[in-house]
1. Expressed as a whole percentage, what fraction of the accessible surface of segment 198-320 belongs to carbon and sulfur atoms when a 1.4 Å probe is rolled over the protein heavy atoms?
2. Could you check the spin-label model distance between Glu298 and Ala113? Points 7 Å from the Cα along Cα→Cβ, value in nm.
3. Relative to the Cα centre, what is the charge dipole magnitude of segment 35-130, using +1 at the beta carbon of each Lys and Arg, -1 at the beta carbon of each Asp and Glu, and rounding to the nearest 20 debye?
4. Given R₀ = 25 Å, what would the calculated FRET efficiency be for Leu305 paired with Ser221, taking r from the Cβ atoms and rounding to 0.05?
5. Name the most mobile residue of Val108, Val131, Val391, meaning the one with the largest mean-square fluctuation, in a Gaussian network model of the chain with Cα contacts below 10 Å.
6. When the Karplus curve 6.51 cos²θ - 1.76 cosθ + 1.60 is applied with θ = phi - 60°, which whole-Hz ³J(HN,Hα) does each residue of segment 263-276 get, with x for Gly and Pro?
7. R0 = 56 Å: FRET efficiency of Asp373 with Asp208, Cβ-based, nearest 0.05?
8. How much mean residue ellipticity at 222 nm does the chain get from its helices, if each DSSP H run of length 4 or more adds -39500 (n - 2.57) and you divide by all residues, to the nearest 500 deg cm²/dmol?
Amino acid sequence: MKIVLAYSGGLDTSVLLKQYILAGHEVVAMTANLGESDMVSGEGSQDALEAVRRKALALGAKDAVLIDARERFIQEYAYKALAANARYQGVYPLSAALSRPLIAQLLVETAAAHGYDAVAHGCTGKGNDQVRIEVGVRAAAPHLKTLAPLRDTPLSRPDALAYAQAHGVPVSQTAAKPYSVDANLWGRSIEAGVLENPWNAPPEDAFDWTATPGTEPAGGSEVIIAFERGVPSMNGRTGADLVFELNRIAGANGVGRIDMIEDRVVGLKSREVYECPGSVTLIEAHIALERLVLTRDELRTKAGLDQKYAEIIYDGQWSAPLRGALDAFNAQLAQRMTGEVRLALIRGRAVVTGSRSPFALYDESLATYGHGDRFRHDAAGGFIEIWGLPVAAGAAKAAAAAERSTPTLV
Ligand code: ARG
């Protein structure tokens, strides 16, 4: 077969690549740069990932492609989620979940470019990622065959290491790490190892991007996020560059650590630890601006739809038309989402300390308790009279009924 393999360079997909090649298949390794290694090396993630590409070729891949998808990931996936303030179960900014439909799309594009007829991934049968990738591939290219060898034949860590040893697959240092980690610019997820017991506090070595509580700078950092029709920027930084910078600043202040019990698509509960400094900060800022410019009814309606949006992403339904419909709703409201939000990033928290917008519905001369108050206090009495009419009518009926049924004393 001619297979495009989603290749991270890690132990599992390296073993997979070698197995395919030894079985006589022709394999193209596809590696997507979603900004994970920017967070590790600071700069030059394309150069860092070039080593992953060369590793695939050394293992015998017919071709190996490294796709810089950072900007596409942020613009076409993360910022749509930001417009919906998307956090699964109210907490997790969906970093891994958002990346899978893009990876699926890149697999499809790579298969088309090479004229291949199958794609493969290294997801296990227990997780959400297999669902997200395969639904994404089916939506974009129903004719492609999707292979999930580690689902069909799970590979234990010792077996993978033994195979690597026997077949000259280089094992990197990270394979020794006691966690399963997935990361991109929108966040980093940490699973397995000692975290599997939900009573165990996450050890400090689980975290890479966020400062240990107590070691953050005492005064914190102040940032101002500007939004232009819903699209954020900070001091001229935009897109992937902005998210990278916010990860750095917010992470140094310990912002964005999450520890939760999560409900997976496949029905089981899992213990998940995340660090998402940049995305958490952007979502907090976005929510603050919405509160300033949207009406109460818009906010109420949007809250329900936002929750649905997060579930769509989590559940691997990115390609469903409902997602596009909700994007259109969010885009309509984003016409007024222009303004600035100031946040204090301090001791693990992103605290909004100010907001302003030309579209603000907040009006100081109506809200003030000081001089210059323009609110019609005299109109409030009449408003309450009519607003409370149904409640008053109901209460009167209930009182009359209680009167009729009161037993009389003999
Ligand atoms: N539980 C998270 C999610 O479903 C994180 C998944 C991380 N994926 C991974 N292969 N380690 O989105």
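1. Details: 2670 of 5320 Å².
Carbon and sulfur together cover 50 percent of it.
2. It is 4.0 nm.
3. Numbers: 10 positive and 12 negative charges, 68 e Å.
My answer is approximately 320 debye.
4. Step by step, r from the Cβ atoms, then E = 0.15.
5. Most flexible of the set in this elastic network: Val391.
6. So the J values, rounded to whole Hz, are 9, 7, 4, 7, x, 9, 8, 9, 9, 10, 10, 9, 9, 9.
7. Using R0 = 56 Å, I get an efficiency of 0.60.
8. Using -39500 (n - 2.57) per qualifying helix, the result is -13500 deg cm²/dmol.
The values are calculated or read from the model by the stated rules, or taken from the named source; none is laboratory data. None of the values given here were measured: they were computed from a predicted structure. All Cβ positions, glycine included, derive from the backbone under ideal geometry; neighbour counts span all protein chains shown. Just so you know, the surface numbers come from the protein's heavy atoms only, side chains and all, with ligands and any DNA or RNA stripped out. Shrake-Rupley method; radii C 1.70, N 1.55, O 1.52, S 1.80 Å.
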